[in-house]
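Novice: The structure under discussion is supplied below as structure tokens; questions concerning it will follow.
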Amino acid sequence: MKSDSTLIIYAHPQTKGHCSFILDNVKKYLKSKKIKHELIDLYKIKYDPVLKSEEHYSAGNNFVSSQNKKFQKSISKADKIIFIYPVWWGSMPSILKGFFERIFVSGFAFKFSKKGIPVKLLAGKRALVFMTTGSPTIFAKLFLGNRHKKMIKFHILEYCGIKTKVVQFGNARHLDQNKSKLENGVRKALDSFF
Ligand SMILES: Cc1cc2nc3c(=O)[nH]c(=O)nc-3n(C[C@H](O)[C@H](O)[C@H](O)COP(=O)(O)O)c2cc1C
């Protein structure tokens with residue numbers, strides 16, 4: 001059963017910078033709309049992203065730590081999930097990749113039918129992904145096939161049934177020059193998400 005709650009998953013070690021500015025704006029927006037939320041700040045809690053042997057589900061192991069069970073509960077409870085992270089080497093920071101590896105496990109996020117077809121277990125939820133890149137947005141579109149966007153949307157979230165919108169803020173090199181673009185972009189994206 002779905003409840004009306006929003007989860008923010010934040011993956012950046014700094015408290016000053018584009019991602020942190022986006023997080024502040026998201027929090028302000030939620031407060032102004034009286035939308036309650038839970039925040040998982042992966043660096044702040046020093047989340048351990050390393051998948052353990054006993055958690056390796058494709059080898060038949062299914063241990064889930066109590067911390068990860070708690071995060072699975074938060075994900076189950078949330079009908080909307082907001083991710084905020086910088087693109088590092090064409091992908092998400094390892095801390096977030098490890099979060100998916102350890103938490104979005106078979107039997108929780110997806111399973112295989114008897115015929116071997118993947119079944120989406122998180123259907124009905126929606127995600128909004130804010131990612132920042134040092135290079136211009138058009139660069140990744142023209143030369144890299146937008147793989148950084150496709151990876152989280154198709155390989156992870158929509159594979160598990162979470163309908164996903166990805167918003168990229170490019171040229172994220174000088175925060176002072178980007179603040180109004182970020183403020184407007186975040187507000188616009190949140191207006192259509194909620
Ligand atoms: C380890 C590392 C890898 C990076 N890889 C990329 C990349 O693949 N593509 C890109 O456009 N920018 C890359 N960048 C730049 C970051 O995306 C950019 O600094 C960040 O999005 C700015 O947000 P922030 O101010 O919150 O850190 C990289 C930066 C670091 C530190």
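Novice: Only one of (1) open to solvent by 40 Å² or more (accessible area, probe 1.4 Å); (2) within 19 Å of the chain's Cα centre (by Cα) fails for residue 118. Which number is that?
Specialist: Looking at each condition in turn, residue 118 falls short on (2).
Novice: Is one or more of the residues making up the stretch 11-34 more than 15 Å from the chain's Cα centre (by Cα) and aliphatic (A, V, I, L, M)?
Specialist: So far as the stretch 11-34 goes, yes, one or more of its residues are more than 15 Å from the chain's Cα centre (by Cα) and aliphatic (A, V, I, L, M).
Novice: Are there helices (runs of 4 or more DSSP H) fully within the stretch 1-106 with at least 2 residues that are among the aliphatic types (A, V, I, L, M) and out of contact with any Leu (no Cβ under 7 Å at 6 or more places or on another chain)? List them.
Specialist: In the stretch 1-106, 18-32 are the helices (runs of 4 or more DSSP H) which contain 2 or more residues that are among the aliphatic types (A, V, I, L, M) and out of contact with any Leu (no Cβ under 7 Å at 6 or more places or on another chain).
Novice: Scan the stretch 17-36 residue by residue and report those that are touching a residue at least 40 places away in the same chain (Cβ under 8 Å) and either under 21 Å from residue 100 (Cα atoms) or within 16 Å of the ligand (Cβ to nearest atom) (or both).
Specialist: Once the filter is applied, which keeps residues that are touching a residue at least 40 places away in the same chain (Cβ under 8 Å) and either under 21 Å from residue 100 (Cα atoms) or within 16 Å of the ligand (Cβ to nearest atom) (or both), the stretch 17-36 yields 17, 18, 19, 21, 22, 23, 25, 26.
Novice: All but one of (1) exposed (fewer than 13 other Cβ atoms within 10 Å of the Cβ); (2) polar (S, T, N, Q); (3) within 12 Å of the ligand (Cβ to nearest atom) hold for residue 178; which doesn't?
Specialist: Of the numbered conditions (1) exposed (fewer than 13 other Cβ atoms within 10 Å of the Cβ); (2) polar (S, T, N, Q); (3) within 12 Å of the ligand (Cβ to nearest atom), the odd one out for residue 178 is (1).
Novice: Which of the residues that make up the stretch 46-71 are open to solvent by less than 80 Å² (accessible area, probe 1.4 Å) and under 14 Å from residue 7 (Cβ atoms)?
Specialist: Passing the criteria: only 71.
The values are calculated or read from the model by the stated rules, or taken from the named source; none is laboratory data. Everything quoted here is computed from the prediction, not taken from an experiment. Ideal geometry is used to build each Cβ from the backbone, glycine not excepted, and the neighbour counts take in all protein chains shown. Ligands, DNA and RNA are stripped out before the accessible areas are found, and what is left, the full protein with its side chains, is counted by its heavy atoms. Shrake-Rupley method; radii C 1.70, N 1.55, O 1.52, S 1.80 Å.
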